[in-house]
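Enquirer: The following block contains the structure, expressed as structure tokens.
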Amino acid sequence: MNNRDDRWAEHDEIWGNDEFVDERVTTSRVRGLIVLIPLLVFIGLAILFALSLHSGDPSKLPSPLIGKPAPQTDLPPVPGLTVEGEQLPGFDSADLSNGNVHVVNIWASWCAPCRLEHEYLVELRELRPGAALYGINYKDTPEAAARFIRQLGNPFDAVGEDRRGRAGVEWGVTGVPETFVVDGDGIIIHKITGPIDEENLRSELLPAIDGADPSARQARAGG
């Protein structure tokens with residue numbers, strides 16, 4: 001009996017110690033915060049994504065590539081993709097940092113929104129002939145890609161083949177089409193997620209190209 005009383009006395013002494021209790025409470029709170037912080041970050045990102053979808057404009061989601069050099073790229077031409085009998089070339093990272101403004105469009109023949117946006121790529125070619133327009137043909141077949149261009153016309157200066165989608169991963173593609181504006185130093189300055197349309201062509205893409213090429217903007221203003 002005495003041993004049992006001694007154990008309970010020891011138990012009461014420990015839990016009666018305010019310092020010990022405070023330490024346990026503090027530790028519990030720290031652990032709770034460690035669990036809670038990632039959850040709050042996740043909830044915040046989910047809210048941002050939901051608001052973007054609700055607004056109907058997923059292109060407003062920020063891209064981690066903005067302000068950074070374009071990913072290392074070395075893409076061969078798409079076999080059989082010819083224009084007026086000449087093979088359309090592929091491209092690499094050196095091409096994207098040669099001093100010219102580039103628009104990089106990631107597309108596929110099986111992508112319905114890519115077909116819808118194609119007329120605006122053709123229009124972009126006419127409105128900004130000084131900007132080089134490069135395509136990345138994503139997870140496609142050469143035959144289907146060539147047929148797509150034959151049917152809809154070719155706005156591209158070069159198209160690189162990304163049959164396995166590896167370049168798409170490097171460029172952070174979440175779904176095609178996606179379009180990037182790259183300045184003359186090879187830095188990504190703007191991204192459009194989803195198809196180009198009349199509205200974002202005028203309000204986003206053209207201003208981004210002009211912003212990356214001040215001399216062209218000044219020439220148009222002077223004219």
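The values are calculated or read from the model by the stated rules, or taken from the named source; none is laboratory data. For clarity, every value in this text was computed on a predicted model and none was experimentally measured. Quick reminder, even Gly has a Cβ in these numbers, built from the backbone with ideal geometry, and neighbours come from all protein chains shown.
Enquirer: Considering only residues that are of a type outside the set (Asp, Glu), in contact (Cβ under 8 Å) with a residue 40 or more places away in the chain and more than 19 Å from residue 211 (Cβ to Cβ), which ones fall in the range 87-107?
Expert: 88, 89, 90, 91, 93, 106, 107
Enquirer: List, please: which pairs have Cβ atoms under 9 Å, are six or more places apart or on different chains, and start with a residue in the range 73-86 that is closer than 24 Å to residue 167 by Cα and end with one that is among the basic types (Lys, Arg) and surrounded by fewer than 18 Cβ atoms within 10 Å (Cβ to Cβ)?
Expert: 78/163
Enquirer: Keeping to the range 177-202, report how many residues are under 20 Å from residue 139 (Cβ atoms) and either basic (Lys, Arg) or out of contact with any helix residue (DSSP H, G or I) (no Cβ under 6 Å at 6 or more places or on another chain) (or both).
Expert: The number of residues fulfilling the criteria is 4.
Enquirer: I'd like the full set of residues that are in contact with a strand residue (DSSP E or B) (Cβ under 6 Å, 6 or more places away or on another chain) and in a loop (DSSP other than H, G, I, E, B), limited to the range 106-122.
Expert: The answer is 108, and nothing else.
Enquirer: Ok, one more. Does the range 139-159 include one or more residues that are among the acidic types (Asp, Glu), within 21 Å of residue 94 (Cα to Cα) and modelled with pLDDT of 95 or more?
Expert: yes
Enquirer: Does the range 145-157 hold any residues that are in contact with a Phe, Trp or Tyr (Cβ under 7 Å, 6 or more places away or on another chain) and surrounded by fewer than 21 Cβ atoms within 10 Å (Cβ to Cβ), and which are they?
Expert: 157
Enquirer: Can you tell me which residues in the range 68-105 are touching a Phe, Trp or Tyr at 6+ places or on another chain (Cβ under 6 Å) and not in a strand (DSSP E or B)?
Expert: Within the range 68-105, 71 is the sole residue that qualifies.
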